[in-house]
Amino acid sequence: MSMQGDLSNMDADNSCSIPHSEPSVGTKVAVDSKGKVTKRKSIKSRSEVWDHFTKFTDDDKDLKVKCKYCDKEFFYDPYKNATTSLRSHMSSCKKHFHVVETTQAQLGLQLCSREGEVCPTSWKFDQDASRKALARMIIMDELPFKFVESEGFRTFMTMVCPKFRIPSRWTVARDCIELYTVEKEKLKTLLHDSTQRVSLTIDTWTSIQTINYMCLTAHFIDTNWNLQKRILNFCPITSHKGEAVSLAIENCLRSWRINRIFTITIDNASSNDVVINSFRKKMINWDSTVLKGEYVHMRCITHIINLIVVDGLKDVNQSVIRVRNAIKYVKQSPSKFSKFKECVEIEKIESKHLLCLDVSTRWNSTFLMLNVAQKFERAFDRFDEQDLCFKLDLQYTDWHVVLNENGDVILESDGKPKRDLKTFDGRPTSADWNNVRLFASLLQVFYELSLKISGSSYVTFNTFAHEISAIHTILKEWQESDDFDVYSMGISMKNKFDKYWGDPEKMNNLLYIAVVLDPRYKLDFVEFMLIELYGDEKGAKVGKIIKDTLYALYQDYKEKMKPQGSSSSISKLADNDSVSKNMSQMDLKRQSILAKYKKQKAQVFGDGNMSELDKYLHEIVEEDCDTFDILRWWKQNCHRFPILAQIARDVLAIPISTAVSESACTDGQILDSFRSSLTPRVVESLVCTQNWLRLNLKPINIEEILEDVENFESEFSKIVMESSSSTSLMHE
């Protein structure tokens with residue numbers, strides 16, 4: 001009720017005449033004992049909000065206040081809302097000097113690229129930008145959506161930035177999907193603006209929910225000659241059969257509006273041959289193939305190397321098992337591992353790495369385990385003397401199930417029945433350690449090779465032929481070794497090598513064309529390499545096939561680029577005709593003599609009608625050095641060889657490994673128990689967006705991770721020991 005209404009009621013009750021003059025704002029009224037209304041001296045407002053608002057009465061006699069900065073008006077009733085609404089406006093008023101001051105960019109200190117140094121940076125709070133950054137963190141760090149509702153995160157944000165309004169998990173999920181949509185449109189624009197062809201890598205995988213997924217990754221070189229790789233789709237497929245995978249590829253490419261496919265890199269499963277043959281027919285119907293899609297199929301080199309090494313691993317498998325079991329026993333408990341460390345110190349073994357276990361299905365992790373373990377042979381021998389249970393725990397019985405003449409199931413070991421079985425010592429012997437050292441030294445080459453060819457941030461296709469030649473030479477040397485173990489390993493690995501790379505006529509010719517497009521080698525080197533590997537007759541035959549394929553590829557690209565070149569040449573001829581009409585007879589004679597001289601010179605040096613490809617092949621090769629950047633060279637020379645540059649952009653972008661696709665869906669790196677519970681559409685958005693946002697991150701290095709784990713374990717042990725010692729001192 002207003003003040004005027006109170007006074008009217010009072011007038012009716014006391015039956016007295018009251019002047020109708022309205023009291024001034026801020027004036028208090030009171031009724032004395034005789035019923036007269038008296039004015040009381042106004043009391044000064046004590047609230048700080050009145051420094052920013054002005055009181056007034058509007059035309060309807062209502063009491064109001066007005067902001068001194070933005071002139072916004074509010075109803076005011078001291079008995080109802082008091083100053084609460086005024087304080088809220090004061091903290092959000094855009095023209096208020098305090099608000100303007102707090103929203104300005106503030107200085108802060110952040111770590112610079114140089115280690116140990118800090119640089120001043122500007123910072124300004126933005127709720128929307130903070131929410132987008134939170135969505136990026138959820139995607140990049142593979143966190144569940146409910147992470148934002150956890151007590152620890154909320155407590156942390158309260159201390160770090162109290163102004164940030166933490167969204168719910170539903171809001172974060174929507175932000176992640178919105179970020180996926182924005183990044184997808186950016187990628188579509190990038191692919192649409194680029195004119196080069198796209199090479200694909202494909203890998204299929206089954207989640208813990210038994211849902212079949214396909215990971216489709218695109219590789220291309222953009223207009224700035226930067227190598228790009230993007231996961232296009234991580235989508236469910238009906239099965240791993242060739243027809244189903246081919247149909248899924250077609251649907252994905254149609255959704256992206258991509259039809260200029262150059263090659264598809266895929267592993268060596270038999271069903272993948274069906275995928276390529278089926279998809280090749282669809283590419284021919286799209287009328288976008290090169291050389292009728294003959295060279296679209298590219299086999300994954302890392303998968304082949306894995307098959308080769310696994311065959312060689314069979315010969316030393318028992319030694320590997322014994323060493324692996326010994327490491328497992330030592331790392332079973334902290335006490336055993338601590339005792340083993342004491343043995344290492346006594347034997348004065350210096351090594352940056354401690355023992356690590358492998359993943360038995362990954363030969364490269366097995367190599368790392370053996371390469372480290374073989375340095376601790378003396379420590380294992382001393383540990384065997386100090387730990388009496390070491391021998392007992394590693395004992396085993398080598399038995400297997402067989403059927404006797406009557407069809408009964410019995411257990412035998414080397415033909416002996418179960419009652420006559422002997423218990424074998426499972427500790428690694430000196431012969432086992434010799435096998436391990438030999439195996440580690442031999443596989444060092446393959447391990448370094450696998451790291452090199454699995455790189456995705458640099459061009460690898462131009463080195464493919466070199467690596468095959470190196471493997472061929474190494475295996476040939478092992479076959480000629482006097483050491484029986486090396487010889488047997490070389491024989492088994494060479495047989496697997498010959499299955500895929502033994503016949504160069506069955507290999508993809510683009511492998512050698514990539515070497516030709518490397519200005520450090522060119523065609524002469526390829527022909528020389530083939531003769532060295534396969535002999536004079538076969539090498540020369542394959543060399544001629546490579547040369548014919550190169551010229552056919554060049555002619556194919558020239559025909560596809562002909563409309564642009566012909567129009568420019570026609571305009572050039574028209575310009576020459578118009579210029580010749582304005583030239584004097586003396587100038588025409590001078591040009592005629594100059595043209596005759598150039599023609600005569602061309603006949604002498606043989607470069608009169610040389611094509612762009614011939615000119616490139618006849619130039620002197622570049623110096624071979626580690627700092628040579630092939631993409632930079634083509635970027636600088638693309639104006640001299642426009643057709644070859646277009647071929648180089650397509651050929652050099654071909655991946656020789658499916659490691660990029662496999663890293664998105666193996667070993668539980670992406671589809672953990674949280675993401676496996678999501679719908680396939682949400683999973684695809686998270687996987688793809690993570691790949692697009694992580695482009696510039698440093699690739700994972702297994703050795704660095706193992707070293708970090710060892711350092712963390714060492715630091716943790718120190719902290720526990722210091723805590724224990726301080727606790728004991730307090731009790732004393």
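Couple of notes before you dig in:
- Every listed requirement among (1) modelled with pLDDT under 55; (2) surrounded by 12 or more Cβ atoms within 10 Å (Cβ to Cβ); (3) farther than 30 Å from D518 by Cα; (4) not acidic (D, E) is met by V682 save one, (1).
- Taking the range 366-410 as the range and being modelled with pLDDT under 80 and of a type in the set (D, E) as the test, the residues that pass are D398, E405, D408.
Residue-wise test of (1) on the phi > 0 side of the Ramachandran plot; (2) at pLDDT below 55.
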| residue | (1), (2) |
| --- | --- |
| Q636 | no, no |
| R649 | no, no |
| S657 | no, no |
| G668 | yes, yes |
| S677 | no, no |
| K698 | no, yes |
| E715 | no, no |
| V720 | no, yes |
| E732 | no, yes |
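- Annotation: of all residues in the range 426-461 being touching a residue at least 60 places away in the same chain (Cβ under 8 Å) and of a type in the set (D, E, K, R), the one that is nearest to R230 (Cα to Cα) is R437.
- Checking the stated criteria, S351 turns out to be touching a helix residue (DSSP H, G or I) at 6+ places or on another chain (Cβ under 6 Å), on the phi < 0 side of the Ramachandran plot and surrounded by fewer than 15 Cβ atoms within 10 Å (Cβ to Cβ).
- Which numbered condition V99 misses (of (1) modelled with pLDDT under 70; (2) farther than 16 Å from K163 by Cα; (3) hydrophobic (A, V, I, L, M, F, W, C)): (2)
- Helices (runs of 4 or more DSSP H) fully within the range 428-536 counting 2 or more residues that are of a type in the set (A, V, I, L, M) and over 28 Å from L652 (Cβ atoms): 430-453, 484-501
- Helices (runs of 4 or more DSSP H) fully within the range 295-392 counting 3 or more residues that are within 30 Å of E505 (Cα to Cα): 301-313
The values are calculated or read from the model by the stated rules, or taken from the named source; none is laboratory data. Quantities reported herein were computed from a predicted structural model and do not represent experimental measurements. FYI the Cβ positions are ideal-geometry reconstructions off the backbone, even for glycines, and counts take in every protein chain you see.
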